[in-house]
Amino acid sequence: GAVVSQHPSWVICKSGTSVKIECRSLDFQATTMFWYRQFPKQSLMLMATSNEGSKATYEQGVEKDKFLINHASLTLSTLTVTSAHPEDSSFYICSADPYEQYFGPGTRLTVT
Amino acid sequence: EDQVTQSPEALRLQEGESSSLNCSYTVSGLRGLFWYRQDPGKGPEFLFTLYSAGEEKEKERLKATLTKKESFLHITAPKPEDSATYLCAVQAINSGNTPLVFGKGTRLSVIA
């Protein structure tokens, strides 16, 4: 099956700093990638749809100025959490869709 | 609004005790229904996609079926290594790539 990677797998940052998370499709090209967040014992909630070469589409309630998404190539999308706060601590997961959606391993973000 | 409801929320089985997980859905037009397995701290692992009512797919001890209103994930003679959260998701028909709508999952525990 298709392989999606994420980096880093976990990160701890101080409140007020910014953190960048990378999502790569390793063996296919993805014009569209999706970003989800997952709180403990909760299901995945879609944050935004990332489209190569154009602006991301954000779900209702997700601040686009806080969660910056860049999809600069067909194999890479990045999510930057700006001015992170403790409530942003979560598990962030990306997926890419060649034919069926394959997920990355996730990034655990802890904001202290 | 597309919606997915999974039941039960949690299921505890003895090793070898077969059972089924349910996924009820409403969607404007179904492109596909997806089953994933998620282990703690990891991204969802793709299991199956079902596209039309009556379709069935199997993989080792797992078998997924689909009707117009629900899907079942049958687990035959489960083993402790089958313990995980099983997620169901639907994708609506659209002109472009559309994100998945997830249920809250069923946490399966298989006891030796």
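Just so it is clear, none of the values below were taken in a lab; they were calculated from the coordinates. Note that the structure is predicted; figures quoted are calculated from it, not measured. Methodologically, a virtual Cβ is constructed for each residue, glycine included, from the backbone with ideal geometry; neighbour enumeration extends over all protein chains shown.
Any idea what diffusion coefficient region A:7-112 gets from Stokes-Einstein, in µm²/s, Kirkwood Rh on alpha carbon pairs, 25 °C, 0.890 mPa s?
For the chosen part, D equals 179 µm²/s.
Rounded to the nearest 0.05, what FRET efficiency do B:Lys68 and A:Glu59 give with R0 = 25 Å and r taken as the Cβ-Cβ distance? Could you check?
Working: r = 27 Å, r/R0 = 1.09.
About 0.35, to the nearest 0.05.
Compute the Cα gyration tensor for region B:55-112, then decide on rounded, prolate or oblate, letting a ≥ b ≥ c be the square roots of its eigenvalues: rounded whenever a/c is under 1.5, prolate when a/b is larger than b/c in the other cases, and oblate in all that remain. Display every interim value, and only then the final one.
Numbers: a/c = 2.79, a/b = 1.85, b/c = 1.51.
Taking the square roots of the gyration eigenvalues as a ≥ b ≥ c, region B:55-112 is prolate.
Give me the distance in nm between label points sitting 7 Å out from Cα along the Cα-to-Cβ direction at B:Ser7 and B:Ser109, one decimal.
Here the modelled spin labels are 2.2 nm apart.
Calculated FRET efficiency, A:Thr31 and B:Asn22, Cβ-Cβ r, R0 35 Å, to nearest 0.05? Walk me through the numbers on the way to the answer.
Values: r = 34 Å, r/R0 = 0.97.
After rounding to 0.05, the efficiency reads 0.55.
Return the percentage of antiparallel bridges among DSSP beta bridges fully within chain A, rounded to the nearest 5 %.
Around 90 percent antiparallel, to the nearest 5.
Looking at chain A as a GNM with Cα springs under 10 Å, which of A:Cys94, A:Cys13, A:Cys23 has the largest mean-square fluctuation?
Answer for the Gaussian network model of chain A: A:Cys13.
Where nothing but the Cβ of Lys and Arg (+1) and of Asp and Glu (-1) is charged, how large is the charge dipole of the protein assembly as shown around its Cα centre, in debye to the nearest 20?
My answer is approximately 280 debye.
Quantify how strongly other chains surround peptide B:34-44 by giving the mean number of their Cβ atoms within 10 Å of each of its Cβ atoms.
5
Starting from the Cα-Cα distance between A:His7 and A:Ala72, subtract it from 0.36 nm times their residue separation and give me the gain in nm to one decimal.
21.8 nm
Which cross-chain or sequence-distant (5 or more) residues have an amide H under 5 Å from the amide H of B:Val110, H modelled 1.01 Å from N in plane?
Amide H neighbours of B:Val110, under 5 Å, 5+ apart: B:Leu13, B:Ser83.
Given chain B, what count of lysine pairs have C-alpha atoms under 27 Å apart, with each pair 8 or more places apart or on different chains?
18
From the residues A:Gln6, A:Gln29, A:Pro40, which one has its Cα farthest along the dipole of region A:1-58 in the positive direction, the dipole being from +1 and -1 charges on Cβ of Lys/Arg and Asp/Glu about the Cα centre?
Checking the options against the dipole of region A:1-58, the answer is A:Pro40.
Of B:Gln91, B:Gln38, B:Gln14, which is the most mobile in a GNM of chain B whose springs link Cα atoms less than 10 angstrom apart?
Looking only at B:Gln91, B:Gln38, B:Gln14, the largest GNM fluctuation is found for B:Gln14.
What is the mean number of Cβ atoms from other protein chains located within 10 Å of the Cβ atom of each residue in peptide A:35-43, rounded to a whole number?
Values: counts 1, 5, 0, 4, 0, 1, 6, 3, 13.
For this peptide, the per-residue mean of nearby foreign Cβ atoms is 4.
Using every Cα-Cα pair within the protein assembly as shown, state what percent have a distance larger than 24 Å.
Tail of the P(r) past 24 Å holds 44 percent of the pairs.
Could you check how many percent of all C-alpha pairs in chain B are farther apart than 25 Å?
It works out to 17 percent of all Cα pairs.
Within 10 Å of each Cβ in A:102-111, how many Cβ atoms from other chains are there, averaged over the peptide?
Numbers: counts 5, 9, 3, 5, 5, 1, 1, 0, 0, 0.
Average neighbour count from other chains, rounded to a whole number: 3.
Quick query: amide H of B:Gly105 versus all other amide H atoms, modeled in the peptide plane; which residues come in under 5 Å with a sequence gap of 5 or more or a different chain?
Those lying under 5 Å, H to H, from B:Gly105 are B:Gln6, B:Cys88.
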